[in-house]
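Every number in this text was worked out from the coordinates using simple rules, so none of it is lab data. Everything numeric in this text was worked out from a predicted model, so none of it was measured. Using ideal geometry, Cβ is built from the backbone for each residue, glycine included, and neighbour counts are taken over all protein chains shown.
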Amino acid sequence: MANLIKQVRDSGAQPTFRVWAAGTAGMDFYAVDSPEEARELIRKLALSDLEDENVEWNAFGLEELEPDGYHEWYDDMGLHDITHNLFEEEEAQP
């Protein structure tokens, strides 16, 4: 499971990937090891928010660390962000 970045990290190194989650309660960043782990985490966070009547809005994304800082992650074609078709599998089921 991903760790909140604002928690102390033993290595002190910045994670290569971080999920950002913004919403009614503010903004958090979570360290993840890969885009696949990010998609899994975002799905869990989004579903959790749907169950919380206090959450009025939310937004999610994935950033990748580059030499000049963090930048929004896009697929290999540069077309889609991490949330593209996030719930497509569920929509396809009858």
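If R0 equals 25 Å, the separation of the Cβ atoms of Met27 and Phe87 corresponds to a calculated FRET efficiency of about 0.70. Within 10 Å, Cβ to Cβ, of Asn58, how many net charges do the neighbouring residues add up to if Lys/Arg are +1 and Asp/Glu are -1? Around Asn58, the surrounding residues sum to -3. Calculated FRET efficiency, Thr16 to Glu56, Cβ-Cβ distance, R0 = 30 Å: about 0.40 to the nearest 0.05.
Residue order for Asp75, Asp49, fewest other beta carbons within 10 angstrom first, comes to Asp75, Asp49. In this simple spin-label model, placing a label point 7 Å from the Cα along the Cα-to-Cβ direction at both Lys44 and His71 gives a separation of 2.9 nm.
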